[in-house]
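Worksheet: one structure, shown below.
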């Protein structure tokens, strides 16, 4: 597993922020051991959460001429009819959702949708739809 390229700046800023906060706590409250340890543990947990968010897991991707593959890990929260959208190449990364939000996938009319509402999906693995 690697770190996604979009995460480098955020991770660097997180390290800087954590370093500054810990240095200030060490300087101001050097005699309050429990507070310093609390801040250290909280800082470590925060850093682990940031690293976990920007992970780029190694996966064997699904592919096929008429398959629409899930672009991100998450849960299907709505399925609606829409207008036509952009084209992308299978297994290609096309953007990054920083700390949440959503991904919209537009499909042509007549496409068979293979997922259901509230289904948990994996990016690059789950087949969202089959184009007829």
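Coordinate-derived values only; no laboratory data. All of these numbers come straight from a predicted model, not from anything done at the bench.
Listed values, structure above:
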quantity: Percent RCO, i.e. relative contact order, over the range 2-56, from Cα pairs under 8 Å lying at least 6 residues apart; calculated: 61 percent
quantity: Extension reserve of the residue 12-residue 59 stretch, reckoned as 0.36 nm per residue once the Cα distance is removed; calculated: 14.3 nm
